[in-house]
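Q: After the structure tokens below, expect a handful of questions from me.
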């Protein structure tokens, strides 16, 4: 049986080992497939180790879901920046999640890009995300060159702010 742990930064209640074993059991009962619907169905049982991972108060859950939807809106809205070139432009995120005045908030991309501290913070976050992605796929030799490029960015920006 593998050892299960919550991912660093996960804010989930419940014993990771028990939850991981339960998720594996659910998958094994469904031809090694698992879906969010199956997880919620199992977690609805108060005896399930997954039960504590969910908000069961419908009023609170509704508010949390709307906040999740709002985060999704902020993460998915993009903009095309005006430039003097005729090249086809890729849209960029309109808002970026940052730490500002001791709170986590979203700020406009242009604001973040023009503020040295917010820009550094964002580049540090990107370097951490690249490192996570690199660790996930480093075993694929086809991605060796990409991993080298990631290493360079991680070395340059992966330092704490």
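Values quoted throughout were computed directly from the atomic coordinates according to the rules given, and no laboratory measurement underlies them. Predicted, not measured: the structure shown is a model, and the values here were computed from it. Positions of Cβ are backbone-derived with ideal geometry, glycine not excepted, and every protein chain shown enters the neighbour counts.
Q: Working out 0.36 nm times the residue gap between residue 44 and residue 151, then minus their Cα-Cα distance, what length gain in nm do you get to one decimal? Before the final figure, lay out each step's value.
A: Working: separation 107, 0.36 × 107 = 38.52 nm, distance 4.31 nm.
Here the answer is 34.2 nm.
Q: Among 93, 11, 72, which one shows the highest mean-square fluctuation when the chain is modelled as a Gaussian network with alpha-carbon springs under 10 Å?
A: Fluctuation is largest for 11.
Q: Nearest 500 deg cm²/dmol is fine: what mean residue ellipticity at 222 nm does the chain get from its DSSP H runs of n ≥ 4 alone, each adding -39,500 (n - 2.57), divided by its residue count?
A: Values: 6 runs with 82 residues, N = 161.
Computed mean residue ellipticity for the chain: -16500 deg cm²/dmol.
Q: Moving on. With label points built 7 Å along Cα→Cβ from the Cα atoms of residue 13 and residue 80, find their separation and express it in nm.
A: For the pair residue 13/residue 80, the computed spacing is 4.8 nm.
Q: With a/c under 1.5 counting as rounded, go ahead and sort the chain into rounded, prolate or oblate using the C-alpha gyration tensor (a ≥ b ≥ c being the square roots of the eigenvalues; past the cut-off, prolate if a/b is larger than b/c, else oblate).
A: Numbers: a/c = 2.14, a/b = 1.52, b/c = 1.40.
Prolate, since a/c reaches 1.5 and a/b exceeds b/c.
Q: The stretch 1-73 to the stretch 99-161: how many Å between their Cα centroids?
A: Measuring centre to centre over Cα atoms gives 28 Å.
Q: Mind checking the angle between helix 116-137 and the chain's longest principal axis? C-alpha axes, 0 to 90 degrees, to the nearest 10.
A: Here the helix axis deviates by roughly 50 degrees.
Q: How long is the gain from residue 99 to residue 142 if the chain were fully straight, where each residue apart is worth 0.36 nm and the alpha carbon distance is subtracted? If you can, show how the numbers build up before the last one.
A: Details: separation 43, 0.36 × 43 = 15.48 nm, distance 3.60 nm.
Net length gain for the segment: 11.9 nm.
Q: Between residue 90 and residue 68, what is the label-point separation in nm under the 7 Å Cα-to-beta-carbon projection?
A: About 2.9 nm separates the two model spin labels.
Q: Measure nothing but the geometry: give the 0 to 90° angle between the long axis through the Cα atoms of 16-28 and the longest principal axis through the Cα atoms of the chain, rounded to 10°.
A: Around 80 degrees separate the two axes.
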